[in-house]
Amino acid sequence: MFLMTNTETRPSPAGSVRSLYTREYVKRISVIGILLILLIAAAILSTGIGTVPISPQDTVLAIAHSSAQAIRSLLSSAIPGAETWYDAHFPAIPVPSNPQAELIVTGYRLPRIFLAILTGISLAVAGAVMQGLLRNPLVSPFTLGLSSAASFGAALAIVIGPGTAAALIGYDLFIIIMAFLFGWLSMLLVYWISRSRGTTQSTLILAGVVIGYLFTAGVMALKYITNNEKLRELMVWLMGGMWGASWNAVLLLIPLVLVCVVLLERMAWDLNALSAGDDVAKNLGINVGRLRLSGLMISTFAASCCLAFTGIIGFIGLMGPHICRMIIGNDHRYLIPCSALMGASILLVSDTAARTVMSPIEIPVGIIMYVIGGIFFLFLILRARGRGLY
C-alpha cells in the first residue's frame, strides 16, 4: 500500500518538463516586460534632462497636450466642425507650468529620443539575427562592416545632393536607398565568404573588419574631394549622432523598422533550428540558403535605414544580444524582442549622456559607444578564451 501511494505522488517526467518550461517562460516574459517599463521610464526621464531641465510632470503634460492638439487639428481638417464635438466630449489638458516645455519636448527632444530608440532596436535585432544566421556570437552590423558601408552610401548620397533621382523619390528616401544598397553589398561579400570552404569564425570577423576599412576609406576619400559645406555633413556620419532627428525621419522609420522586426521575429523557429547546425535544419525542412539570404537582407535594410540618419554607431548589435543571451538564453522567440528593448535602452541612455555630460556642448554618441563597446568586446574575448564561441 505504501509503495502504491509513493508511486502515485511521485511527479511524472512530463509534469517536470512542463513545470520547467512554465518557469522559463514566465522568467523570459518578465524580463521583456521589465525592459519595456525601464525603456519607457528612461524615455520620460531623458525628455526632461538637458540644458533646460523640465520636470517629469511638465514632460508628461507637454506630450499629452501636444498630442491632444494634434488629434484635434487632424479631426478638424478631415471633418468640418469636428473640433466642436471634440471639445465637448474630451476635457482640456492643462498646459505645462514651464512655458518652453512643450516646444522643447515635442519639437526637439522627442524626435531625438524616438530616433535613438528606433536605431537601437534595428541594430540590436540585426545583430541577434546575424549571429544566429552565421552561428557566430561576435557578428554584428558593426563588426561585419555594415555600418561603414551604409554610412558610405549615405555619404555618397549627400555628396551627390538632391539630383534627379533624389527629386523623383525624395531626398531622405534617396539617402536610405543608397545606405541600404551599400550595406547590402557588404553583406553579400560576407555571405560569399561564409560559404567558402575552410572559412573559420575568426576569418569571417577579419573579413568584416577589412570590408569596414574599405568603406571607411571611401568615406575619407569623399571628405577629401568635397566642399566645406558637405564636409561638415560627412563628419556627422563618421562620428555618429542623433543630429539628423526630425519628425519626418521618425515617421518614415517607424513603419520600416516595425515591419522588419516582425519579419525577423517570424524566423525565430528557423533560427532555433539553425543553431543546432545546417544539417539538422535541412533535415527539418528548412531551406538554409534562402533563410540566410532573406534574413541578412531584412537585417541589413533595418540597420541601414537608421544608420542613414545617424552615421556610424557601433557595438549595439553586439552588446544587446549578448546581454540578453546571458539572461534569457538562446531561444530567438524571446531573444529578438529582448535584444530590441536592450539595444534601445543602451543607445537612449548613451545619447542622453552624450548631450548632457558636457552641456551645452554635445558629444557624438558614436564616441561613447566606441568606448563602451570596446570594453565589452574585450570582455567577450576574454570570456570566450579557451572555450568555443558556441
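Under the criterion of Cα pairs below 8 Å and six or more residues apart, the relative contact order for the chain equals 27 percent. Among His332, His65, His322, the ranking by other beta carbons within 10 Å of each residue's beta carbon, starting with the fewest, stands as His65, His322, His332. Spatial offset of segment 62-79 relative to segment 324-355 amounts to 33 Å, using the alpha carbon center of each. Sorted ascending by nearby beta carbons within 10 Å, beginning with the fewest, Arg28, Arg290 become Arg290, Arg28.
Less than 5 angstrom separates the built amide H of Leu144 from none of the residues sequence-distant by 5 or more or on a different chain. Reported value for the chain: 228 Å³ per residue, from the convex hull of its C-alpha atoms. In the chain, helical runs assigned H by DSSP with n ≥ 4 each contribute -39500 (n - 2.57); averaged across all residues and rounded to the nearest 500, the mean residue ellipticity at 222 nm is -25500 deg cm²/dmol. Scalar couplings 3J(HN,Hα) for segment 37-52, obtained by applying the Karplus form with A = 6.51, B = -1.76, C = 1.60 to θ = phi - 60°, are 5, 5, 5, 5, 5, 5, 5, 5, 5, 5, 5, x, 8, x, 4, 9 Hz; x denotes Gly and Pro.
Coordinate-derived values only; no laboratory data. What you see is a predicted model; the values in this text were computed from it and never measured. No Cβ is skipped: glycine too gets one built from the backbone with ideal geometry, and neighbour counts run over all protein chains shown.
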